[in-house]
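Step one of this worksheet: look at the structure below.
The values are calculated or read from the model by the stated rules, or taken from the named source; none is laboratory data. Here the structure is a predicted model, which means the values were calculated and not measured. Counting neighbours? That spans all protein chains shown, and the Cβs are built from the backbone with ideal geometry, glycine included. For the accessible areas, the whole protein counts, side chains as well, though only heavy atoms, and no ligand, DNA or RNA atoms are used. Shrake-Rupley method; radii C 1.70, N 1.55, O 1.52, S 1.80 Å.
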Amino acid sequence: MQIIRKSGRGANLENYELSCATFDWNNCQGEIDYFTNSKINAAFNAVDRHLQKGRANKIALYAIDETGHLEKFTFQEIANQSNKLAHALRSLGVKSGDRVFVFLPRIPELYVSTLAIAKLGAIVGPLFSAFGPDALRDRLIDSEAKVIITNKILKAKLQEIQHGLKDLEHVIVVGDKDEDLKESEITYDKLISQAPNDPICEALPLDHPLYLLYTSGTTGKPKGVLHAHGDIIGHHMTAQWVLDLKEDDIYWCTADPGWVTGTVYGIFAPWSNGISVVCYEGRFNAHEWYSLIDKLQITVWYTAPTALRMLMKAGVEAINDFELNSLRHIASVGEPLNPEVIRWGMEAFDLPIHDNWWQTETGMQLIANLPCLPIKLGSMGKPLPGIYASIVDDKGLELPAHKLGKLVIKPGWPAMLKGIWRNEEKFQEYFKIAGWYTSGDNAWKDEDGYFWFVGRADDVINTSGHRVGPFEVESALLEHPAIAEVGVIGKPDKERGEIIKAFVVLKNNVAASDKLIAELQNHTKNQLAAHAYPKEIEIKTSLPKTRSGKIMRRLLKAWELGLPTGDISALEDE
Ligand code: PRX
């Protein structure tokens with residue numbers, strides 16, 4: 001095994017053992033600003049408090065649009081604009097606890113909207129801009145969304161499903177003109193221009209809901225993971241430790257705020273620390289990415305293994321045109337980070353890439369390769385101070401080093417999910433193994449306390465770091481008139497971690513053709529999202545089912561990978 005040893009000198013967290021021995025989540029209040037009676041507001045901590053800390057004129061956001069045009073916003077400007085939008089939302093009737101969704105590409109209005117909603121104590125619903133009508137409908141109906149903030153282009157997807165959204169009262173549209181709007185629509189610019197500027201931050205209990213993010217499990221539709229304002233304590237500390245953010249950093253998190261990484265580590269965590277954040281609207285392109293690092297002199301970069309593998313594929317030639325020596329720290333999350341990629345990173349950037357692990361439900365990083373620790377290539381690192389992680393068996397008994405088991409965490413860290421939206425039973429399921437928070441991942445730990453990821457314990461697919469439930473893809477495909485039956489699995493892929501593969505049975509008298517396959521792929525892309533379509537579709541005459549009629553994905557996967565099929569006694573035809 002290869003180990004990269006580093007001095008870690010000068011890192012925010014310099015002594016891991018000492019910090020673990022002495023750190024207590026109850027003793028870091030000094031880092032966060034509270035109102036009276038221990039009330040809090042995550043948006044106040046992310047922006048407004050910096051105005052009194054000498055950062056009013058500091059750049060909060062470097063926003064680069066699709067054409068490469070750069071706009072800069074100070075903390076004062078972000079505070080003012082979010083105050084205005086919060087006042088405007090209030091005048092539309094938005095109250096504490098209402099669900100307000102943000103369906104925007106990576107543009108400054110997305111950041112302002114997120115803060116404005118949080119200032120009112122309303123619940124932010126981040127939506128990935130690539131979502132199709134089905135994905136939108138599931139989320140907006142389940143949460144009974146009251147308002148959605150979108151733009152001229154994305155609103156077309158909303159219009160397809162809007163008639164079924166009984167609770168949706170207002171659609172706020174960025175970049176549209178008044179005369180192009182329907183009755184329920186209002187322009188963002190007009191709302192803002194008429195609103196007052198004065199501070200408007202609700203003082204809220206620590207467990208008051210902050211954001212509701214839908215994520216996939218093995219069965220059923222995506223579930224709404226609910227997080228609270230008190231999470232900001234965890235956001236703030238982990239950004240210091242894991243991302244090593246310091247006052248003069250220019251920080252780029254490549255994740256879209258439609259995902260938890262983009263919301264937490266693209267907005268709240270860096271801004272709580274008063275750090276300048278980069279937001280890039282464009283898509284992945286090796287040349288553009290390197291050019292951005294060079295042009296903005298980015299110092300800290302938080303990205304994902306698929307993106308790094310794609311950069312690796314583009315070769316070192318793609319780097320040669322640029323000066324990337326502004327970079328001082330690189331971190332990666334979302335999927336296993338191959339040792340090969342870390343080795344390439346050492347060559348390409350002369351820096352190690354620091355893997356870390358967390359989930360939508362955990363709300364913050366929990367296990368990481370910290371700057372002060374040696375990196376064991378292929379390991380996710382060690383639990384952060386204040387976090388107790390373990391590997392347990394089915395009964396919750398802790399397993400010794402090198403034994404494969406379930407990765408679990410002792411509940412009690414600040415950003416742990418506060419609930420599953422209107423589904424207490426699902427929420428309780430996370431804790432059903434002896435009270436541990438159960439991650440759904442399988443892993444093992446070594447004698448030095450490093451954790452090693454092995455895979456998911458369930459059928460959830462991780463494609464390019466996106467978590468996709470097979471059930472969602474199956475449901476979308478079943479809506480197509482040609483399909484009689486479908487089973488969906490994740491198939492290992494060198495670049496994307498996994499790709500989605502669908503096995504389908506066609507209805508009688510439907511003929512198989514390449515055209516039909518392409519049509520099915522497009523259908524899923526349009527209904528769900530571009531990342532959630534089956535890259536491979538195989539047509540079968542029947543699918544393996546249990547006697548109760550459930551399609552056995554496990555068997556499909558075993559067949560696909562040429563693995564032993566295990567116990568097939570439940571199989572229908574056996
Ligand atoms: O399976 C693990 C994988 O991504 C899942 C969490 O996905 P999501 O809720 O979308 O959260 C994204 C925020 C990180 C985990 O259950 N995962 C995450 N980080 C790693 C990982 N797998 C391997 N190595 C990681 N570092």
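Of all strands (runs of 3 or more DSSP E) completely enclosed by segment 465-512, which ones contain at least 2 residues that are without any contact (Cβ under 8 Å) to a residue 60 or more places away in the chain and polar (S, T, N, Q)?
none
State which residue pairs qualify: first residue in contact (Cβ under 8 Å) with a residue 40 or more places away in the chain and part of a loop (DSSP other than H, G, I, E, B) and inside segment 432-461, second residue near the ligand (Cβ under 9 Å from one of its atoms) and among the acidic types (Asp, Glu) in any location, beta carbons under 7 Å apart, and separation of 6 or more residues or different chains.
From segment 432-461, the pairs are 457/441.
So, in segment 161-187, how many residues would count as being assigned to a loop (DSSP other than H, G, I, E, B), out of contact with any strand residue (DSSP E or B) (no Cβ under 7 Å at 6 or more places or on another chain) and surrounded by 15 or more Cβ atoms within 10 Å (Cβ to Cβ)?
Residues flagged as assigned to a loop (DSSP other than H, G, I, E, B), out of contact with any strand residue (DSSP E or B) (no Cβ under 7 Å at 6 or more places or on another chain) and surrounded by 15 or more Cβ atoms within 10 Å (Cβ to Cβ) within segment 161-187 amount to 2.
Under 9 Å between Cβ atoms, at least 6 apart or on separate chains: pull out the pairs that start in segment 233-262 with a residue that is free of Cβ contacts under 8 Å to residues at least 40 places away in the same chain and end on any residue that is of a type in the set (S, T, N, Q) and outside any loop (DSSP other than H, G, I, E, B).
Partner pairs satisfying both residue conditions: 239/272.
If I go through segment 1-22 residue by residue, how many of them are assigned to a loop (DSSP other than H, G, I, E, B) and either surrounded by fewer than 11 Cβ atoms within 10 Å (Cβ to Cβ) or within 27 Å of the chain's Cα centre (by Cα) (or both)?
Qualifying residue count, segment 1-22: 8.
Being among the small types (Gly, Ala, Ser) and away from the ligand (no atom under 16 Å from the Cβ) is the filter here; which residues of segment 296-352 pass it?
314, 315, 318, 326, 348
Condition (residue is among the acidic types (Asp, Glu) and surrounded by 14 or more Cβ atoms within 10 Å (Cβ to Cβ)) applied to segment 417-424: is it met by at least one residue?
no
How many residues does segment 30-72 contain that are of a type in the set (D, E, K, R) and either touching a Cys at 6+ places or on another chain (Cβ under 9 Å) or assigned to a loop (DSSP other than H, G, I, E, B) (or both)?
Number of matching residues: 7.
Could you list, in sequence order, the residues of segment 23-57 that are open to solvent by 40 Å² or more (accessible area, probe 1.4 Å), of a type outside the set (D, E, K, R) and touching a strand residue (DSSP E or B) at 6+ places or on another chain (Cβ under 9 Å)?
Matches in segment 23-57: 34, 35, 57.
For residues that are open to solvent by less than 30 Å² (accessible area, probe 1.4 Å) and under 10 Å from residue 480 (Cβ atoms), scanning just segment 513-530, find the one that is farthest from the chain's Cα centre (by Cα).
516
Under the condition of being more than 31 Å from the chain's Cα centre (by Cα) and open to solvent by 80 Å² or more (accessible area, probe 1.4 Å), which residue from segment 194-208 is nearest to residue 154 (Cα to Cα)?
Going through the qualifying residues, I end up with 194.
Exactly one of (1) of a type outside the set (Val, Ile, Thr); (2) away from the ligand (no atom under 16 Å from the Cβ); (3) surrounded by fewer than 20 Cβ atoms within 10 Å (Cβ to Cβ) is unmet by residue 414. Its number?
(3)
Looking at this structure, is residue 103 of a type in the set (Phe, Trp, Tyr), at pLDDT 95 or above, surrounded by 12 or more Cβ atoms within 10 Å (Cβ to Cβ) and in contact with an Asp or Glu (Cβ under 8 Å, 6 or more places away or on another chain)?
Against the criterion (of a type in the set (Phe, Trp, Tyr), at pLDDT 95 or above, surrounded by 12 or more Cβ atoms within 10 Å (Cβ to Cβ) and in contact with an Asp or Glu (Cβ under 8 Å, 6 or more places away or on another chain)), residue 103 does not qualify.
Those residues that are away from the ligand (no atom under 14 Å from the Cβ), open to solvent by 30 Å² or more (accessible area, probe 1.4 Å) and over 30 Å from residue 373 (Cα atoms), I need them from segment 443-475; list them, please.
Listed by number, the list holds a single entry, 471.
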